[in-house]
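Peer 1: Shown below is the structure under consideration.
The values are calculated or read from the model by the stated rules, or taken from the named source; none is laboratory data. Every value quoted in this text rests on a predicted model; they were computed, and no experiment measured them. Positions of Cβ are backbone-derived with ideal geometry, glycine not excepted, and every protein chain shown enters the neighbour counts. Keep in mind that these areas ignore ligands, DNA and RNA; they rest on the heavy atoms of the full protein, side chains included. Shrake-Rupley method; radii C 1.70, N 1.55, O 1.52, S 1.80 Å.
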Amino acid sequence: MQLTRSTLGDLNVFVALARHGGFRKAALDMDVSPSALSHAMRGLEARLGVRLINRNARSVTLTQAGEELLAHLEAGFGEISEGLEGLNRFRESPAGRLRVNVLSDAARLVVGPVLAAYTRDYPDVQVEIVVQDTMVDIVGGGFDAGIRFGGRVPEDMIAVPIGRPLRWIMAASSSYLEEKGLPADPDALRDHRCIGFRMGTGAIYRWELECGSDVRALDLEWSIVVSETDVALSIAQSGGGIIYCLAERVQPLLDNGTLREVLSEWSSEGEAFHIYYSSRRQQPEALRALVNMLRRSALNLA
């Protein structure tokens, strides 16, 4: 069949549906209505004479024909994207769209502070930051890069540290410590209400404590388990228990006396945040500029 502009647009709709697994999310990403996407897909299937997707009320799945077509389209659209990206080398500054999937702590500590400068210096780049603590396939999700803790970066990715190692501490409110007392050592934490954290992998994070050569990983009886640092901080401020989190996230609350550090001699150091991207794709110039800005900002704060 003849490859018209309309068909190319509808094929792009099909790729978006496959990526997002449903009309609603794909419509949000493409800034059109779900009904418009549904109409485009029905027209594409009618012209091709082949069913590409199975529809239900909540999601779509690909037929075998759809799976085969998607493999070819991802390769083809990838080549087109790289060709267009290559034109940025002939521009004075990067242009286009940049999508980055970011851990919530990293969004607040390292990404948010540089975005104003980035958009000022690179006005032709449209930036989308998706804050998400669950692990995602950044390539399959249509992202140019992701930001996670160093130890959480997939092995097949190129990863660049964007800051110094991170310090992890424990803290609680004065009201809680007046009620329960200060724990004398890590073993005493078992007698306290401790707030656990479920990571993006689904596992609950064990508290990693260090005091000289004594290193411990504690798996406690959590009184509450959360999956977002802001929620844990809110619980701790209300006297709900002891929190374990990044020192930078809790420092303002320590400075104003809302929270107090617990067992400060047992704080630990973890890997820095890393920005990562596919080793199989050309690095977009807009991403290169963001990486450089993030690293410069980290050096200035060190």
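Peer 1: Let me confirm something: among P34, P94, which residue is more than 30 Å from L246 (Cβ to Cβ) and touching a strand residue (DSSP E or B) at 6+ places or on another chain (Cβ under 7 Å)? Spell out how you get there, then give the answer.
Peer 2: Working: P34 fails: touching a strand residue (DSSP E or B) at 6+ places or on another chain (Cβ under 7 Å).
When all the criteria are applied, what remains is P94.
Peer 1: If you go through region 12-36, how many residues are part of a helix (DSSP H, G or I), in contact (Cβ under 8 Å) with a residue 12 or more places away in the chain and either under 15 Å from G142 (Cβ atoms) or among the small types (G, A, S) (or both)?
Peer 2: Here is the first cut: in region 12-36, the residues part of a helix (DSSP H, G or I) are 12-20, 23-30, 34-36.
Right, trim to in contact (Cβ under 8 Å) with a residue 12 or more places away in the chain and you get 12-19, 23, 26, 29-30.
Now restrict to residues that are either under 15 Å from G142 (Cβ atoms) or among the small types (G, A, S) (or both): 12-19, 26, 29-30.
Adding up the residues that qualify gives 11.
Peer 1: Further question: Of all residues in region 185-239, count the ones that are of a type in the set (A, V, I, L, M) and outside any helix (DSSP H, G or I).
Peer 2: Residues of region 185-239 that are of a type in the set (A, V, I, L, M), as a first pass: 188-189, 195, 199, 203-204, 209, 215, 217-218, 220, 224-226, 231-233, 235-236.
Cutting the leftovers down to outside any helix (DSSP H, G or I) gives us 195, 199, 203-204, 209, 215, 217-218, 220, 224-226.
Residues flagged as of a type in the set (A, V, I, L, M) and outside any helix (DSSP H, G or I) within region 185-239 amount to 12.
Peer 1: Here is a further query. Give the residues of region 240-270 that are in a helix (DSSP H, G or I), within 28 Å of the chain's Cα centre (by Cα) and buried (at least 19 other Cβ atoms within 10 Å of the Cβ), sorted by residue number.
Peer 2: R249, V250
Peer 1: So which of A18, A36, A46 ends up being among the hydrophobic types (A, V, I, L, M, F, W, C) and surrounded by 14 or more Cβ atoms within 10 Å (Cβ to Cβ)? Please lay out each step first, then the result.
Peer 2: On the way: A36 fails: surrounded by 14 or more Cβ atoms within 10 Å (Cβ to Cβ); A46 fails: surrounded by 14 or more Cβ atoms within 10 Å (Cβ to Cβ).
After applying the criteria, what remains is A18.
Peer 1: Within region 1-11, restricting attention to residues that are part of a helix (DSSP H, G or I) and among the hydrophobic types (A, V, I, L, M, F, W, C), which residue is nearest to the chain's Cα centre (by Cα)? Give the steps one after another, and end with the answer.
Peer 2: The initial filter retains those residues of region 1-11 that are part of a helix (DSSP H, G or I), namely 5-11.
So of that shortlist, the ones also among the hydrophobic types (A, V, I, L, M, F, W, C) come out as 8, 11.
Numbers: L8: 30, L11: 27 Å.
Here the residue is L11.
Peer 1: Taking the condition of being modelled with pLDDT of 95 or more, touching a Lys or Arg at 6+ places or on another chain (Cβ under 9 Å) and aliphatic (A, V, I, L, M), how many residues in region 254-274 meet it?
Peer 2: Summing the residues that are modelled with pLDDT of 95 or more, touching a Lys or Arg at 6+ places or on another chain (Cβ under 9 Å) and aliphatic (A, V, I, L, M) in region 254-274 gives 1.
Peer 1: Any residue in region 228-252 that's without any contact (Cβ under 8 Å) to a residue 60 or more places away in the chain and on the phi < 0 side of the Ramachandran plot: show its pairings with residues that are among the polar types (S, T, N, Q) and assigned to a loop (DSSP other than H, G, I, E, B) at Cβ separation under 9 Å, as long as the two are six or more apart or on different chains.
Peer 2: Note: pairs meeting the criteria are P252/T258.
So that you can scan it fast, the table gives a plain yes or no per residue for (1) under 27 Å from R148 (Cβ atoms); (2) modelled with pLDDT of 85 or more; (3) open to solvent by less than 60 Å² (accessible area, probe 1.4 Å):
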position: R51; (1), (2), (3): no, yes, no
position: S59; (1), (2), (3): yes, no, yes
position: Q64; (1), (2), (3): no, yes, no
position: L73; (1), (2), (3): no, yes, yes
position: R91; (1), (2), (3): no, no, no
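Peer 1: A further question follows. Just to be sure, is V125 open to solvent by less than 50 Å² (accessible area, probe 1.4 Å) and free of Cβ contacts under 8 Å to residues at least 40 places away in the same chain?
Peer 2: Numbers: open to solvent by less than 50 Å² (accessible area, probe 1.4 Å): yes; free of Cβ contacts under 8 Å to residues at least 40 places away in the same chain: no.
Against the criterion (open to solvent by less than 50 Å² (accessible area, probe 1.4 Å) and free of Cβ contacts under 8 Å to residues at least 40 places away in the same chain), V125 does not qualify.
Peer 1: Could we say that A26 is modelled with pLDDT under 85, surrounded by 15 or more Cβ atoms within 10 Å (Cβ to Cβ) and within 26 Å of R97 (Cα to Cα) here? Let's see the steps before the verdict.
Peer 2: On the way: modelled with pLDDT under 85: yes; surrounded by 15 or more Cβ atoms within 10 Å (Cβ to Cβ): yes; within 26 Å of R97 (Cα to Cα): yes.
Here the answer is yes, as A26 does meet what is asked.
Peer 1: Right, something else. Are there any pairs, at least 6 apart or on different chains, whose C-beta atoms fall under 6 Å, with the first in region 190-207 and at negative phi and small (G, A, S) and the second surrounded by fewer than 20 Cβ atoms within 10 Å (Cβ to Cβ) and part of a strand (DSSP E or B), and if so, which?
Peer 2: Here the result reads G196/I204; G196/V225, each pair linking region 190-207 to a residue that is surrounded by fewer than 20 Cβ atoms within 10 Å (Cβ to Cβ) and part of a strand (DSSP E or B).
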